[in-house]
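Single-structure report; data block below.
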Amino acid sequence: MRSRPNVQVRTLPTTCYQCNAGPEMLNVRVEDGVATEVRPHFESAEVHPGGGKVCVKAYGLIQKVYHPNRVKTPMVRTNPKKGRHEEPGWREISWEEALDMVAEKMNAAAAKGALDTSGYPRVATTFGGGPTSKFYLGTMPAFFAAWGATDVSMGSGPGVKCAHSEHMYGEFWHRGFTVAPDTPLCNYLLSFGHNMDASGGVCSVKRHADARTRGMIRVQIEPHLSVTGASSSEWVPIKPKTDPAFMFAMIHVLLHESSRDRLDLPFLKERTGSPYLIAPNGFYLRDPATDKPLVWDRAHAAAVPHDTPGIDPALDGEFTLDGVEFGADGERWVHQGAVCRTAFQSLVDHVKTYTPEWAAAICDVPAASIRKIALDYLAHARIGEMIEIDGKPLPFRPVAIFLGKTVNNGWGGYESCWGRTVLACLVGALEVPGGTLGTSVQINEHPKNRNLSVHPGPDGFMDYPLNPTDKENWISSPTKRDAARTLVPLAGNSPRFMGSGPGHLSWMTLDQGDLQGFPPMTLPDVWFVYRANPVISFWQVGKVEEVAARFPFTVCFAFTDDETNHMADLLLPECTDLESMQLLPIGGTKYIEAFWAHRGYSLRRPVVEPASGVRDFTWIATELAKRTGVLKGYNTAINNGLTGIPLRTKEYNFALDESAEHSKEEIWDHVCRAASFEVTAGAASDGLDYYLEHGLRVSEYPRTNWYLYPTMVAKGLRFELPYQERLMRIGIELGNRLHEKGIAWWDKQLAEYSALPAWHDIPGIWEKAYESSFDIAIADYPFWLLTSRSMQYAWGANSGIQLIKEVADNVAGHGGVILNARTARQLGIEDGDLIEIRSPIGATQGHAVVRQGIRPDTVLMIGQFGHWKTPVAKDFKVPSMNSLVPMLMETTDNTGSGADLVRVSVRRVGGPA
Ligand SMILES: Nc1nc2c(c(=O)[nH]1)N[C@H]1C(S)=C(S)[C@@H](COP(=O)(O)OP(=O)(O)OC[C@H]3O[C@@H](n4cnc5c(=O)[nH]c(N)nc54)[C@H](O)[C@@H]3O)O[C@H]1N2
Ligand SMILES: Nc1nc2c(c(=O)[nH]1)N[C@H]1C(S)=C(S)[C@@H](COP(=O)(O)OP(=O)(O)OC[C@H]3O[C@@H](n4cnc5c(=O)[nH]c(N)nc54)[C@H](O)[C@@H]3O)O[C@H]1N2
Ligand SMILES: [Mo]
């Protein structure tokens, strides 16, 4: 860059967390107080798995801070009518007035009682962007903690659209809220619809490139050829939502077409529930003296408790035995001479008919291809080999399976997650080097190290904070609008897992009427929205838009106008990425492939003076705490660690004076001191100045912590696979509770609690749901409409930034509707033609992008657009699937999630623009 005389130039380190592949460091060049350039942060090259490089999205931050359409002062609505076609009539007001107004509404709500007549919190928040919004909220979480009952369950994009089923099953089975391959060591990777070269961020892109250079084979199995598919060894165009059948057939090949001793038998015997015996009613056969599940010990030819030392448990086989069996709700059977198979034998029998030929017809993939992939997977697993990590010998199993968000979510999510995890167990590749890893925990403690969340639970497995399903403790009336604790045992109750139940329940019932047996759905008195745009990012956005317009008092933190804050009563402009301050946890193991060999903290800091009129979140939180009378509780919450690190522990004390008001610098200085102490194991306690100068502080994070296996061995625990005895029991109990209340509308979901998931017509669920809900013939909607990530865009969050669009326009697939060349020919459509895409609930239009790289029965829209208010984005004229996907109980799975897909028709309506 040219240098000009007398210009003060500084390069300041800060942190980007625009999507959940982060956070990562960047450098910003600032000339005379103006941010002019984003640069890599090579200072962290040694610790950052991406070598300090910066993601494309970070380069948009300069235009973001100087966006001409920014909201730069609080604004109040003057038009009491709300709706797409109502102008809000924004009037500028002072921060004093705005904060007083919020506090007055909150205090008025509190005066009526924290919960409303239906038992729902009167204050609700919708924070978007996966988990990332929390890392921009400063001390707001401490404010809400001090405030009390807040409903975090009104759905926006994240949650039910987003790896939601995987979050629960992954965390249940192996503390994997998010699951990833151990890419640095993996040699053979199957990806069912995970588009990591777009969605994985810098660490992932670099790691996958390095892995492919050293010879890792990556097979991309997905209906459309994503950027990831395009750089993989092979693309397998599978039919949408049939992935479980493919994986079931792989299991068949491993169990029925190759010899048993090619599997990891010690892993199956010692680290899984495979040898457990199944009694006649489908639950474990137990020892009457200890209640422990029994296994057949080949060494002594006897049935013994699973944890008896020195035994050789049988994997295969059927035995005639005595014992007890526990069912649901305390049911107990005593057996004499009962015929019992091992869990493993049950699995073998279960997949007997799931041949590659059987799957071929379902998945529309040749049987030979499925068989070859299964055998390649097995051949690459290197069963029996060890590798040294940080001086410790660990099993080396360099094969993994990665699932994308439409595969691991909604119906088919359970089957896919189970199939993937069972395939890992068969070759001993779960939670070991080279294999499949969990990379974060949210439902369990402890976020800083997954291994600390491993505690012995029932039957030799890990414990798990299931929501109660027994008669005495079942939470019969929902505590939040998504009813997670009532309907979803696996959701747990962690404050860190925000979107834990069917987040669309509120939108659906506010629109379609109440659910029988549940209290009437209510609107919250006060609704806060931040970095979420449910009127664009959710399903059936036309309905969401109508319901959002009915909320009595909506406060939106606003960057520019957007479709959701168009319905707000108050807009509050906060300091954005380059203007705000927060200390963030960095490294360790986190979402997607952000697992590092270091862990610590990095600072997001104002690199430029904030625009006049915008305020830092920490200041906003403190002001709200004062005005609502919770300042002390707010300070206590900060001291207790609501910013991510406690200020007071047994080892140190950097606590704030709880009765006083503190500036943002003071608060973050204390947090920084605690962070320094933690990272240096007590050697340092530097505050804010250190992080302002250096940007981050990390220490080594042992790579052995990436793997749960050593902890499982040390604690003598087994992974709860393949047989889901516990899930079967809670499913029956949940059904009993709901039926006692006369609730039958969750019965389809209850059927998902099976011990061994069987194939059922998963795509057919959508087809039947549409036919029964809309009086249509599904044949009139012959195509599956899917969506896919764009690397340049963080959801819709940066769609108003010009530079991002300029880059994206150079990447194939943006800007229209991707459809297959043959399909296009049959429909008389040429590349660039204007086409209509119609689902049973509506129609939208866009330009055809004709490609070979998509199945003939599939169309695809990249990203989430369809904006009608967001500046810049509203002129894209790019359609969105979200106006076409209905919210239905039938398309909701037992975890409460759905999937981003819908059946549509396609027709030409005109030529190119
Ligand atoms: N079609 C389609 N829809 C999808 C998906 C898809 O793949 N395709 N994916 C789904 C998934 S998995 C997810 S997680 C969700 C995400 O969906 P959401 O979490 O709802 O996120 P966005 O749509 O990105 O909304 C972000 C909003 O924040 C605003 N914003 C951006 N920066 C700032 C800022 O600095 N300050 C303030 N105050 N506001 C800001 C933007 O203007 C935008 O309105 O989307 C879901 N929806
Ligand atoms: N740059 C960037 N990165 C992001 C995000 C972002 O917005 N921008 N968002 C983050 C978030 S919140 C999430 S949830 C993740 C999502 O990350 P991914 O899971 O990678 O999600 P997508 O790219 O939406 O979808 C991946 C692929 O799924 C395929 N697909 C759709 N349906 C099916 C099916 O039935 N079977 C199979 N086999 N494939 C199918 C599509 O072809 C698509 O290419 O990305 C995260 N990372
Ligand atoms: Mo997501």
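The values are calculated or read from the model by the stated rules, or taken from the named source; none is laboratory data. Here the structure is a predicted model, which means the values were calculated and not measured. Using ideal geometry, Cβ is built from the backbone for each residue, glycine included, and neighbour counts are taken over all protein chains shown.
Of the residues in the range 151-177, how many are more than 16 Å from ligand 1 (Cβ to nearest atom) and not small (Gly, Ala, Ser)? Spell out how you get there, then give the answer.
Just the residues of the range 151-177 that are more than 16 Å from ligand 1 (Cβ to nearest atom), to begin with: 151, 169, 171-176.
From what's left, not small (Gly, Ala, Ser): 151, 169, 171-175.
Counting residues in the range 151-177 that are more than 16 Å from ligand 1 (Cβ to nearest atom) and not small (Gly, Ala, Ser) gives 7.
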**Message:** For the range 292-317, give me each residue that is surrounded by fewer than 14 Cβ atoms within 10 Å (Cβ to Cβ), under 20 Å from Pro458 (Cα atoms) and in contact with a helix residue (DSSP H, G or I) (Cβ under 9 Å, 6 or more places away or on another chain).
**Reply:** none
**Prompt:** So Arg855 fits all but one of (1) within 16 Å of ligand 1 (Cβ to nearest atom); (2) charged (D, E, K, R); (3) surrounded by 22 or more Cβ atoms within 10 Å (Cβ to Cβ); what number is the exception?
**Reply:** (1)
**Asked** Out of the range 152-167, which residues are within 25 Å of Gly641 (Cα to Cα) and modelled with pLDDT of 95 or more?
**Response** His167
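Hey, among Leu426, Leu378, Leu394, Leu403, which residue is assigned by TED's automatic domain parsing to the domain that holds Val253, within 16 Å of ligand 3 (Cβ to nearest atom) and among the aliphatic types (A, V, I, L, M)? First the steps, then the outcome.
Values: Leu426 fails: within 16 Å of ligand 3 (Cβ to nearest atom); Leu378 fails: within 16 Å of ligand 3 (Cβ to nearest atom); Leu394 fails: within 16 Å of ligand 3 (Cβ to nearest atom).
None of the others qualify; the one that does is Leu403.
Would you mention how many residues in the range 590-623 are in a loop (DSSP other than H, G, I, E, B) and over 30 Å from Cys186 (Cβ atoms)?
Of the range 590-623, the ones in a loop (DSSP other than H, G, I, E, B) are 590-594, 605-614, 616.
Restricting the remaining residues to those that are over 30 Å from Cys186 (Cβ atoms) gives 605-614, 616.
Count: 11.
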**Request:** Scan the helices (runs of 4 or more DSSP H) fully inside the range 633-725 and keep the ones with 3 or more residues being free of Cβ contacts under 8 Å to residues at least 40 places away in the same chain and buried (at least 18 other Cβ atoms within 10 Å of the Cβ).
**Result:** 664-679
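Residue by residue, here is whether (1) crowded, with 24+ Cβ neighbours inside 10 Å; (2) under 24 Å from the mean Cα position of the chain (by Cα); (3) of a type outside the set (A, V, I, L, M) holds:
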residue	(1), (2), (3)
Tyr464	no, yes, yes
Ile475	no, no, no
Ala484	yes, yes, no
Asp514	no, no, yes
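I need a count of the residues in the range 370-381 that are surrounded by fewer than 19 Cβ atoms within 10 Å (Cβ to Cβ) and within 17 Å of Asp264 (Cα to Cα). Before you say what the answer is, go through the steps one by one.
Step one: filter the range 370-381 for residues surrounded by fewer than 19 Cβ atoms within 10 Å (Cβ to Cβ), giving 372, 375-376, 379.
Narrowing further to those that are within 17 Å of Asp264 (Cα to Cα): 375-376, 379.
Of the residues in that region, 3 qualify.
Specify the residue that is farthest from ligand 1 (Cβ to nearest atom); the eligible residues are those in the range 211-236 that are part of a helix (DSSP H, G or I) and under 12 Å from Met196 (Cα atoms). Steps first, please.
Narrowing the range 211-236 to residues part of a helix (DSSP H, G or I): 211-213, 227-230.
Narrowing further to those that are under 12 Å from Met196 (Cα atoms): 227-230.
Working: Val227: 14, Thr228: 14, Gly229: 16, Ala230: 18 Å.
Filtering first and then ranking leaves Ala230.
So, in the range 243-288, how many residues would count as being of a type in the set (Ser, Thr, Tyr) and in contact with a Phe, Trp or Tyr (Cβ under 9 Å, 6 or more places away or on another chain)?
Taking the range 243-288 first, the residues of a type in the set (Ser, Thr, Tyr) are 258-259, 272, 274, 276, 284.
Subsequent filtering for residues that are in contact with a Phe, Trp or Tyr (Cβ under 9 Å, 6 or more places away or on another chain) retains 272, 274, 276, 284.
Summing the residues that are of a type in the set (Ser, Thr, Tyr) and in contact with a Phe, Trp or Tyr (Cβ under 9 Å, 6 or more places away or on another chain) in the range 243-288 gives 4.
Counting only residues that are outside any helix (DSSP H, G or I) and not aromatic (Phe, Trp, Tyr), how many does the range 501-554 have? Step through it out loud before you land on a result.
Initially, the range 501-554 is screened for residues outside any helix (DSSP H, G or I), giving 501-504, 513-533, 538-540, 549-554.
Okay, now just the ones that are also not aromatic (Phe, Trp, Tyr), so 501-504, 513-517, 519-526, 529, 531-533, 540, 549-550, 552, 554.
Qualifying residue count for the region: 26.
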**Complete:** Selection over the range 449-463 where residues are among the small types (Gly, Ala, Ser) and within 17 Å of Leu721 (Cβ to Cβ) yields a count of 2
**Asked** Identify, please: which residue in the range 559-572 is assigned to a loop (DSSP other than H, G, I, E, B), surrounded by 24 or more Cβ atoms within 10 Å (Cβ to Cβ) and not hydroxyl-bearing (Ser, Thr, Tyr) and is, among those, farthest from the chain's Cα centre (by Cα)?
**Response** Ala568
**Request:** Mind telling me which of the residues Ser204, Ser156 ends up being within 13 Å of ligand 2 (Cβ to nearest atom), buried (at least 24 other Cβ atoms within 10 Å of the Cβ), hydroxyl-bearing (Ser, Thr, Tyr) and not in a helix (DSSP H, G or I)?
**Result:** Ser156
**Residues satisfying the stated conditions in the range 746-800, i.e. assigned to a loop (DSSP other than H, G, I, E, B), touching a residue at least 40 places away in the same chain (Cβ under 8 Å), surrounded by 14 or more Cβ atoms within 10 Å (Cβ to Cβ) and more than 16 Å from ligand 1 (Cβ to nearest atom)** = Trp746, Glu752, Tyr753, Ala755, Leu756, Pro757, Trp759, Ile776, Tyr781
**Prompt:** Has the range 38-50 got any residue that is more than 14 Å from ligand 2 (Cβ to nearest atom), part of a strand (DSSP E or B) and either among the charged types (D, E, K, R) or under 20 Å from Gln582 (Cα atoms) (or both)?
**Reply:** yes
**Message:** Against the conditions (1) within 15 Å of ligand 3 (Cβ to nearest atom); (2) more than 16 Å from the chain's Cα centre (by Cα), where does Pro121 fall short? Just the number, please.
**Reply:** (1)
